[in-house]
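A short worksheet on the structure shown next.
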Amino acid sequence: MDINQQQDRELLDATRTFALDHQHPHLARFKPSIRDWGNSWEAVESMDLPVSTFLTEASDQATSNTQTLLQTFVRYSHRLRWEQSYRKQDGLVPDAMLDAYGFAEIIGLCGPFISDRIRAGIAIWGPQVKYPQHQHQAEEIYVLLAGSAEFSLDGSAAQTRRAGDLVFVESNRRHGFCTGEENLVVYYLWQAGDLRQTSNFD
Ligand SMILES: [Fe+2]
């Protein structure tokens with residue numbers, strides 16, 4: 001195993017352990033996919049985005065539950081590929097979100113650990129960012145690791161979710177949020193749908 005694969009393997013272990021150790025009724029349905037995500041690794045080209053700097057800050061505030069996960073992401077930040085699902089020219093989300101958002105995926109269709117069963121990684125949004133209501137076929141979990149957000153499901157009244165809270169979004173359910181005064185860092189999971197579907201904003 002070369003050094004890159006070894007470091008990615010530690011990111012994988014931290015990503016899987018976080019979900020497998022986290023106790024929540026909604027998470028139980030995702031655990032089989034986390035256990036049997038697949039078996040192939042492909043090195044990905046690392047990429048940076050401005051939001052990646054917030055990860056260090058979040059890891060300094062980590063609790064005993066999130067410490068290993070966040071610190072492993074900081075330690076191997078040079079291995080991460082920070083991405084966005086949307087582009088300014090498509091006009092699907094506010095420009096302010098694209099200036100302050102990104103995700104780093106560890107398991108998923110695009111690797112580094114290839115899976116057509118589960119998508120897992122970390123995502124960050126800056127303060128006072130609005131992620132408009134959208135939907136996708138995959139069911140989704142957000143575990144908030146730092147910061148807070150006002151979540152709205154199916155356009156209902158927004159509810160505040162804070163670090164430690166979990167939000168479960170069923171397949172094709174409309175959801176969106178506005179972040180609070182701090183950076184929002186989440187652990188995310190997708191399953192049971194196209195793992196790279198562009199969300200629908202109709
Ligand atoms: Fe979503």
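The values are calculated or read from the model by the stated rules, or taken from the named source; none is laboratory data. Remember, predicted model here, so these are calculated numbers, not experimental data. When we count neighbours, we look across all protein chains shown, and the Cβ atoms used for this are built from the backbone with ideal geometry, even at glycine. In case anyone asks, the SASA skips ligands and DNA or RNA and just uses the protein heavy atoms, side chains included. Shrake-Rupley method; radii C 1.70, N 1.55, O 1.52, S 1.80 Å.
Overview of results
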item: Taking N as its residue count, the alpha carbon Rg of the stretch 10-70 over 2.2 N^0.38 Å; result: 1.33
item: For the stretch 91-198, accessible area per residue (1.4 Å probe, heavy atoms of protein chains only), Å²; result: 35
item: Radius of gyration and Dmax over the Cα atoms of the stretch 93-140, both given in Å; result: 12.7, 33
item: The chain: most fluctuating residue of Leu98, Leu145, Leu12 per GNM, C-alpha cutoff 10 Å; result: Leu98
item: Alpha carbon centroid spacing (whole Å) that separates the stretch 1-48 from the stretch 52-116; result: 14
item: Length added when fully stretched, Gln6-Asp60, from 0.36 nm per residue minus Cα-Cα; result: 17.0 nm
item: Contour excess over end-to-end distance, with Cα ends at Met47 and Ala157 and 0.36 nm allotted per residue; result: 35.9 nm
item: Estimated inter-spin distance, His24 and Arg87, nm [label 7 Å along Cα→Cβ]; result: 3.3
item: Equivalent ellipsoid semi-axes - Cα gyration tensor, the stretch 127-202, angstrom; result: 20, 14, 11
item: Portion, in percent, of the accessible area of the stretch 157-202 that falls on carbon or sulfur, probe 1.4 Å; result: 40
item: Cα-centred dipole magnitude for the chain, charges only on beta-carbon of K, R (+1) and D, E (-1), debye, nearest 20; result: 340
item: Potential lengthening between Asp36 and Asp116 on full extension [0.36 nm per residue; Cα-Cα distance subtracted]; result: 27.7 nm
item: Theoretical ellipticity at 222 nm over the chain - DSSP helices of four or more residues, -39500 (n - 2.57) apiece, nearest 500; result: -6500 deg cm²/dmol
item: C-alpha long axis of helix 3-21 to longest principal axis of the chain, angle in °; result: 50
item: Relative packing of 193-202, 163-172, which averages over residues the other C-beta atoms within 10 Å, highest first; result: 163-172, 193-202
item: Cα Rg over Rh - the stretch 13-139, Kirkwood; result: 0.96
item: For q = 0.14 Å⁻¹, Debye-computed log10 I/I(0) when each Cα of the stretch 51-126 counts as one equal scatterer; result: -0.51
